[in-house]
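Everything below concerns the one structure shown next.
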Amino acid sequence: MLSIKNLYANVDGKEILKGINLEIKAGEVHAIMGPNGSGKSTLANVLTGNKNYEVTNGNVLFEGRDLLDMDPETRAREGMFLAFQYPIEIPGISNATFLKTALNEIRKYNNLSELTSTEFLDRIKDKAKILGLDDTLISRAVNVGFSGGEKKRNEIFQMLMLEPKFVLLDETDSGLDIDALRIVSSGVNIYRNPNNAFLVVTHYQRLLNYIQPDYVHVLYKGKIIKSGGKELALELEEKGYDWIKSEELETEKV
Amino acid sequence: MDNMEHKSANEWYVSKFKVFEDKLNGQSKSFLHDIRKNALNNLVELSFPTNKNEEWKYTNVAPILKHNFLPAIISTLPKIKKEETKQFLFKNFDYHLVVFVNGLFAEELSEIGHLPKGVIVDGLNRIAKNNPGSIDKYINKLSKIDNAFNALNTAYSYDGLVVIVPEGIVLEKPIQVLYLNSSKNDLVLSLPRNLVVAGKNSQVSVIANYHSYGDKTYFSNIITEVYAEENAIVDLYKTQNENDESYHIEKVQAIQKKNSVFNHYNINFGGAIVRNDINTMHDGQNVETHYYGLYLAHGKQHVDNHTFIDHAKPNCMSNELYKGILDDNSRGVFNGKIIVRQDAQKTNAYQQNKTILLSKTATIDTKPQLEIFADDVKCSHGATVGHLDDTSEFYIRSRGVPQELAKSMLIRAFANDVIDTVKIEPLKEQINHMIFEHLHRVEVENK
Ligand SMILES: Nc1ncnc2c1ncn2[C@@H]1O[C@H](COP(=O)(O)OP(=O)(O)OP(=O)(O)O)[C@@H](O)[C@H]1O
Ligand SMILES: [Mg+2]
């Protein structure tokens, strides 16, 4: 589904991603872990088309098509979705209006008819129930005055509403209490199916107990320096990153 | 050269006064006419402001002065059918409707409807004729003539809105005042002279809705005097949606007695050169003043808002929020003056001006002007100038929303805290609609 080859990217002229290679197939969940500042959010932003991040080398194919060539809205309509590490507040625009606008844009692009108000409301009710979202949160302005946890939950709500093919979760677990973590994870698991795929950025193994990954990658200074199965996350939780860093140093020497 | 030009503008307007007087047939012995004649002397002496005047530093009025406008009362009035006025009105709520065409009361277009006993909602000319005793203690008692623009308005003061709400009356429905202006026949000078008096413990809400009828140049030069007596609550909404060839100058002069509240909303869309002076004086304790402003400009529009709150008494508060959205080559000016006089201990005064520039060539000159002579006060002010936020735009686009619509959402988000203060829900929606219409942008419907 997503094929990243030799990807390099700059922010403010500084090289952050230094040759990322990653293959993600439909039905898979990949986790990316790595120390602060290693480039995890940068990768998420590059994949979704934030123009503050400049790709200097490499290419990305999304279902066989050149992803980097598309503007952010086209990527979204093609099925990319990023649950932001820091969701944005939009005063004066209700969550419902925002989602209806987005959903209809996506549907239009995919030659589907716009949803009627009833269809839309039914869908909102369905999805809100999965996440135990309060009605008032839906009529309120997007993320305005939402608690940290509510914002994260709202990102997953948007995911359920928009039904993307490829989902990037950027530290969706941070700021969630234990119950919310379980609810949000179950939202993801309900949505997970053989036709979609996930790239989950997290610092904590705890999330991966709920959302079980097929692969775990370690991103360090803009490169994936180790990949493994879900047991790698356990190992990282136990030992931190130092042991891989030294492994990496040794391979560099060789 | 400059001087010559301005002098000739004075001469032009002074020279037309005789024609105006002839038109008054018989009414030239009223209290109003004494005011006019004094103002005419001022018009001879006072010059129109130039950029050398600190208060007019950023606003060049020379383009207004180079035209010889004809005061509406001595020009030919356009014929406007009632049906045609509908498109300009705010709808979906009940109101008393007063319509002025070129600043002159249009009875046949108005629908004032039933009013509680003692309440006056009418045109100045009719009241001056029929019931001068109800207004002679108010007219021109607040507004001081300090430049040729207000001398001009006062010398030709003839018609305008008069609202008098006696003690204890709460006017349930707002008064919608449609000011339609048109230079269909002559190059028109529209000179509304407005008066709003809210008696003790009364409440009144006025929506001054300015529109053009046609797309020709004209000039509106307005004075509005507002009296808020003890415990009165006055909401004055102004929406100015005139054509981009028109000139618009208004001075609002308010006085507030103890425990009164004055809310002024200044929503500006149209006009080639626009200047608003909004002045309030506190004449009692526990007074509240709120100024909300939103100005949108595109093309070569120039919008200048000068606000002034005179904190003369203790324990009063004022809160001011002005926001601008400037596109193309438009220019904004904001000057927010607050004086806290020695007596005015325990004053709370807040002021904010925020501007978003949508193009590289739009500009804003913003200046807070705080003069504080009391020691136990809380005052704050802030001014920011910026662009639409990239990260927010990216967030919205990342959900599939196209860039132009994402920008519209952010504009709406920016204007929101001003619009949100509008108390009349349908009015709020319609103002939101006008924002998108004016910026020629895709609309976001909030449902
Ligand atoms: N918009 C930006 N402007 C300047 N520097 C940036 C920007 N975005 C990222 N960076 C820099 O790029 C580097 C990688 O940041 P990134 O956010 O991708 O890290 P991360 O792996 O997501 O870290 P964390 O775990 O703390 O979220 C950091 O040094 C960061 O300061
Ligand atoms: Mg990050």
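The values are calculated or read from the model by the stated rules, or taken from the named source; none is laboratory data. Just so it is clear, the structure is predicted and the values come from calculations on it, not from any experiment. Reconstructed Cβ throughout: ideal geometry from the backbone, glycine too, with neighbour counts over all protein chains shown.
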Which listed residue, of A:Lys40, A:Lys51, A:Lys108, A:Lys127, is over 30 Å from A:Glu235 (Cβ atoms), out of contact with any Ser or Thr (no Cβ under 6 Å at 6 or more places or on another chain) and within 16 Å of ligand 1 (Cβ to nearest atom): A:Lys51
Of the residues that sit in the stretch A:150-179 and are within 16 Å of ligand 1 (Cβ to nearest atom) and polar (S, T, N, Q), which one is farthest from the other protein chains (Cβ to nearest Cβ)? A:Ser174
Which condition number in (1) basic (Lys, Arg); (2) in a helix (DSSP H, G or I); (3) more than 14 Å from chain B (Cβ to nearest Cβ); (4) within 16 Å of ligand 1 (Cβ to nearest atom) is the one that A:Arg182 fails? (4)
Filtered residues of the stretch B:313-354 (kept if buried (at least 22 other Cβ atoms within 10 Å of the Cβ) and among the hydroxyl-bearing types (Ser, Thr, Tyr)): B:Ser318, B:Tyr322, B:Ser330, B:Thr347
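Conditions tested, residue by residue: (1) buried (at least 21 other Cβ atoms within 10 Å of the Cβ); (2) of a type in the set (D, E, K, R); (3) part of a loop (DSSP other than H, G, I, E, B); (4) at pLDDT 95 or above.
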residue	(1), (2), (3), (4)
A:Glu150	no, yes, no, no
A:Arg153	yes, yes, no, no
A:Leu168	yes, no, no, yes
A:Ser174	no, no, yes, no
A:Val188	yes, no, no, no
A:Leu199	yes, no, no, yes
A:Gln212	no, no, yes, no
Considering only the stretch A:48-79, state which residues are among the hydroxyl-bearing types (Ser, Thr, Tyr), closer than 18 Å to A:Val11 by Cα and within 19 Å of the chain's Cα centre (by Cα). A:Thr48, A:Tyr53
Among what's in the stretch A:88-102 and is in contact with a strand residue (DSSP E or B) (Cβ under 8 Å, 6 or more places away or on another chain) and not aromatic (Phe, Trp, Tyr), pick the residue that is farthest from the other protein chains (Cβ to nearest Cβ). A:Asn95
For a quick check of your reading: which helices (runs of 4 or more DSSP H) sit entirely within the stretch B:1-120 and have at least 3 residues that are of a type in the set (Ser, Thr, Tyr) and at negative phi? B:2-15
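Quick one: is B:Leu109 in the same structural domain as B:Val61 (by TED's automatic domain parsing), touching a strand residue (DSSP E or B) at 6+ places or on another chain (Cβ under 7 Å) and within 22 Å of B:Ile64 (Cα to Cα)? Talk me through it step by step, then tell me what you get.
Details: in the same structural domain as B:Val61 (by TED's automatic domain parsing): yes; touching a strand residue (DSSP E or B) at 6+ places or on another chain (Cβ under 7 Å): yes; within 22 Å of B:Ile64 (Cα to Cα): no.
No: the conditions fail for B:Leu109.
Determine whether the stretch A:54-70 contains at least one residue that is within 16 Å of ligand 2 (Cβ to nearest atom), of a type in the set (Lys, Arg), surrounded by fewer than 21 Cβ atoms within 10 Å (Cβ to Cβ) and not in a loop (DSSP other than H, G, I, E, B). Walk me through it before giving the result.
Of the residues in the stretch A:54-70, the ones within 16 Å of ligand 2 (Cβ to nearest atom) are none.
No: zero hits.
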Sort through B:Ile164, B:Ile127, B:Ile145 and tell me the only one that's surrounded by 21 or more Cβ atoms within 10 Å (Cβ to Cβ), more than 17 Å from B:Ser190 (Cβ to Cβ) and without any contact (Cβ under 8 Å) to a residue 40 or more places away in the chain. B:Ile127
In the stretch A:221-238, which residues are over 18 Å from A:Glu23 (Cα atoms) and at pLDDT 90 or above? A:Lys221
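Restricted to the stretch B:399-429, and to residues that are more than 9 Å from chain A (Cβ to nearest Cβ) and in a loop (DSSP other than H, G, I, E, B), which residue is surrounded by the fewest Cβ atoms within 10 Å (Cβ to Cβ)?
So the first thing to find is which residues in the stretch B:399-429 are more than 9 Å from chain A (Cβ to nearest Cβ), and the list is B:404, B:407-408, B:411, B:418, B:421-429.
Retained after the next criterion (residues that are in a loop (DSSP other than H, G, I, E, B)): B:421-424.
Details: B:Thr421: 14, B:Val422: 23, B:Lys423: 12, B:Ile424: 19.
It comes out as B:Lys423.
Taking the condition part of a strand (DSSP E or B) and under 30 Å from B:Thr361 (Cβ atoms), does B:Glu250 pass? Talk me through it step by step, then tell me what you get.
Working: part of a strand (DSSP E or B): yes; under 30 Å from B:Thr361 (Cβ atoms): yes.
So B:Glu250 fits the description; yes.
Among the residues of the stretch A:10-35 satisfying the criterion of being more than 14 Å from chain B (Cβ to nearest Cβ) and free of Cβ contacts under 8 Å to residues at least 60 places away in the same chain, which is nearest to ligand 1 (Cβ to nearest atom)? It would help to see each step written out before you state the result.
Initial filter on the stretch A:10-35 (more than 14 Å from chain B (Cβ to nearest Cβ)): A:10, A:13-35.
From what is left, the residues that are free of Cβ contacts under 8 Å to residues at least 60 places away in the same chain are A:10, A:13-14, A:23.
On the way: A:Asn10: 9, A:Gly13: 9, A:Lys14: 7, A:Glu23: 21 Å.
So, considering only residues that are more than 14 Å from chain B (Cβ to nearest Cβ) and free of Cβ contacts under 8 Å to residues at least 60 places away in the same chain, the one nearest to ligand 1 (Cβ to nearest atom) is A:Lys14.
The rows are residues; the columns are (1) more than 10 Å from every other protein chain (Cβ to nearest Cβ); (2) among the hydroxyl-bearing types (Ser, Thr, Tyr).
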| position | (1), (2) |
| --- | --- |
| A:Val46 | yes, no |
| A:Lys51 | no, no |
| A:Leu61 | yes, no |
| A:Asp66 | yes, no |
| A:Asp69 | yes, no |
| A:Glu73 | no, no |
| A:Arg77 | no, no |
| A:Phe81 | no, no |
| A:Tyr86 | no, yes |
For the stretch A:100-143, which residues satisfy the criterion of being surrounded by fewer than 17 Cβ atoms within 10 Å (Cβ to Cβ), in a loop (DSSP other than H, G, I, E, B) and under 23 Å from the mean Cα position of the chain (by Cα)? A:Asn110, A:Gly132
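Residues in the stretch B:375-397 that are among the hydrophobic types (A, V, I, L, M, F, W, C) and either within 14 Å of another protein chain (Cβ to nearest Cβ) or in contact with a Pro (Cβ under 8 Å, 6 or more places away or on another chain) (or both): how many? Step through it out loud before you land on a result.
So the first thing to find is which residues in the stretch B:375-397 are among the hydrophobic types (A, V, I, L, M, F, W, C), and the list is B:377, B:379, B:383, B:385, B:388, B:394, B:396.
Still in the running and either within 14 Å of another protein chain (Cβ to nearest Cβ) or in contact with a Pro (Cβ under 8 Å, 6 or more places away or on another chain) (or both): B:383, B:388, B:394, B:396.
Summing the residues that are among the hydrophobic types (A, V, I, L, M, F, W, C) and either within 14 Å of another protein chain (Cβ to nearest Cβ) or in contact with a Pro (Cβ under 8 Å, 6 or more places away or on another chain) (or both) in the stretch B:375-397 gives 4.
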Please tell me if B:Lys184 is assigned by TED's automatic domain parsing to the domain that holds B:His264, within 18 Å of the chain's Cα centre (by Cα) and modelled with pLDDT under 95. no
So B:Ile364 clears everything in (1) within 14 Å of chain A (Cβ to nearest Cβ); (2) of a type in the set (A, V, I, L, M, F, W, C); (3) in contact (Cβ under 8 Å) with a residue 12 or more places away in the chain except one condition, right? Which one? (1)
Any residue in the stretch A:168-187 that's away from ligand 2 (no atom under 16 Å from the Cβ): show its pairings with residues that are basic (Lys, Arg) and modelled with pLDDT of 90 or more at Cβ separation under 9 Å, as long as the two are six or more apart or on different chains. A:Ala180/A:Lys152; A:Ala180/A:Arg153; A:Ile183/A:Arg153; A:Val184/A:Lys152; A:Val184/A:Arg153; A:Gly187/A:Lys127; A:Gly187/A:Arg153
Using the structure shown, decide if A:Lys51 is surrounded by fewer than 20 Cβ atoms within 10 Å (Cβ to Cβ), more than 23 Å from A:Ala197 (Cα to Cα) and basic (Lys, Arg). yes
Only one of (1) part of a helix (DSSP H, G or I); (2) surrounded by fewer than 20 Cβ atoms within 10 Å (Cβ to Cβ) is not met by A:Ile88, so which one is it? (1)
Being within 16 Å of ligand 2 (Cβ to nearest atom), within 21 Å of A:Gln158 (Cβ to Cβ) and out of contact with any Gly (no Cβ under 6 Å at 6 or more places or on another chain) narrows it down to one of A:Leu133, A:Leu121, A:Leu115, A:Leu47, so name that one. A:Leu47
